[in-house]
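In what follows, a single structure is set out as structure tokens and then discussed.
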Amino acid sequence: MTVYFIGAGPGAPDLITVRGARLLAACRVCLYAGSLVPRELLAECPPDAELVDTARMDLDQITAALVGAHRDGHDVARLHSGDPSVFSAVAEQMRRLDAAGVPYEVVPGVPAFAAAAAALRRELTVPAVGQTVVLTRIAQRATPMPPGEELPSLARSGALLVLHLAAGYVDRVVEELLPHYGPQCPAAVVAYASRPEEVVLRGTLADIAGQVHAAGVRRTAVIIVGRTLAAESFPDSHLYSSARCRD
């Protein structure tokens, strides 16, 4: 039997992948992050499936549930918001399953930053303007950042930054980025991307914090800062150029 770590996507139920939905429909046990995963997705599970909300469970309890279901002969859908590859706390679960000899697979999902870019109707990598995207967060009440990955260090690159889990600390984010990007650098915040209650804020480092406070955005949001957010005059990509050799 197998544990499937499934990316549920950013919030809209129909943004789960076809593979993810198929596996949900086949697994007799589903562990899901109730505070983040849309309840509508649970309708994909078999009618007699065991549904376990992990919102109030710790790692030991979650591991015990996964291992127990495996020993009982059940495939397990472990449903995470967004994509399991980024800020999902999947790594420590996989490490424990390795130790227990439980097989698992990972099914990608649409990440929050991609849904935010779609809401903004922006490509985050624009020719001759910016070709690098840094996905990061800040250390507040969460696990400390490793040395060299503090926000001012990352900001020195001038690359487009996408910050998860940081909307509640937007004032600190702006303070640390201003010396490197300047007050007129484009900035945006997207909360509840892809959901009916989606909030999209556009501005600059000079005014984005005020917009966030006025909108009451505290969580389930990404902050995006960088020049590509407002890029207009840029060369066409070489990908579709008539001068490109296609032999």
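The values are calculated or read from the model by the stated rules, or taken from the named source; none is laboratory data. Everything numeric in this text was worked out from a predicted model, so none of it was measured. Virtual Cβ from ideal backbone geometry, glycine too; neighbours counted across all protein chains shown. Quick note on the areas: whole protein, heavy atoms, side chains included, nothing else; ligands and nucleic acids left out. Shrake-Rupley method; radii C 1.70, N 1.55, O 1.52, S 1.80 Å.
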In debye, nearest 20: dipole of the range 25-81 around its Cα centre with unit charges on the Cβ of K, R (+) and D, E (-)? 60 debye
Stokes-Einstein D for the range 115-207 (4 °C, 1.567 mPa s, Kirkwood Rh from Cα pairs), in µm²/s, comes to 92 µm²/s
Pairwise FRET efficiency - Glu123 versus Ala215, Cβ, R0 = 22 Å, nearest 0.05: 0.35
Please give the per residue accessible area of the chain, computed with a probe of 1.4 Å over protein heavy atoms only, in Å². 52 Å²
Which residue fluctuates the most in the chain, going by a Gaussian network model with Cα springs under 10 Å, if the choices are Gly34, Gly11, Gly101? Gly101
Full-stretch length increase - Ser35, Val134 - with 0.36 nm per residue and alpha-carbon distance subtracted: 33.0 nm
Where q = 0.25, 0.32 Å⁻¹, what log10 of I(q)/I(0) comes from the Debye formula for the range 120-163, counting one point per Cα? -0.91, -1.20
Report the paramagnetic label zone for Val200: residues of the range 95-116 whose backbone N is under 12 Å from a point 7 Å from Cα along the Cα-to-Cβ axis. 115-116
In angstroms, what radius of gyration and Dmax does the range 63-164 have, counting Cα atoms only? 17.7, 56
Along the charge dipole of the chain, Cβ charges K/R +1 and D/E -1, which of Val190, Pro179, Thr2 sits furthest on the positive end? Pro179
Over the chain, relative contact order from alpha-carbon pairs under 8 Å, at least 6 apart, %: 20 percent
Ranking request for peptides 184-190, 231-237, 118-124: highest mean number of other beta-carbon atoms within 10 Å first, then the rest in descending order. 184-190, 118-124, 231-237
Run the helix sum for the chain: -39,500 (n - 2.57) per DSSP H stretch of 4+ residues, divided by residue count, reported at 222 nm to the nearest 500 deg cm²/dmol. -7500 deg cm²/dmol
Which percent, nearest 5, of DSSP beta bridges in the chain are antiparallel? 45 percent
Neighbourhood charge, 11 Å Cβ-Cβ cut-off, centred on Thr2 and excluding it, Lys, Arg +1 and Asp, Glu -1: -1
Can you tally the net charge around Gln93? Count Lys and Arg as +1, Asp and Glu as -1, for every other residue whose Cβ sits under 14 Å from the Cβ of Gln93. -2
Place a label point 7 angstrom from the Cα of Glu175 along the Cα-to-Cβ direction, then list the residues of the range 200-240 whose backbone nitrogen is under 15 Å away. 209-210
For q = 0.17 Å⁻¹, Debye-computed log10 I/I(0) when each Cα of the range 149-189 counts as one equal scatterer: -0.40
Give me the mean projected area, in nm² to one decimal, of the convex hull enclosing the Cα positions of the range 1-105. 5.8 nm²
How much of the pair distance distribution for the range 1-61 lies past 16 Å, counting alpha-carbon pairs only, in percent? 41 percent
How large is log10 of I(q)/I(0) for the range 46-121 at q = 0.18, 0.21, 0.22, 0.26 Å⁻¹ when the intensity is taken from the Debye formula with one equal scatterer per alpha-carbon? -0.81, -1.03, -1.10, -1.37
Which percent of the accessible area of the chain is formed by carbon and sulfur heavy atoms (probe 1.4 angstrom)? 51 percent
Could you please tell me the mean projected area of the C-alpha convex hull for the chain, averaged over all directions and given in square nanometres to one decimal? 16.5 nm²
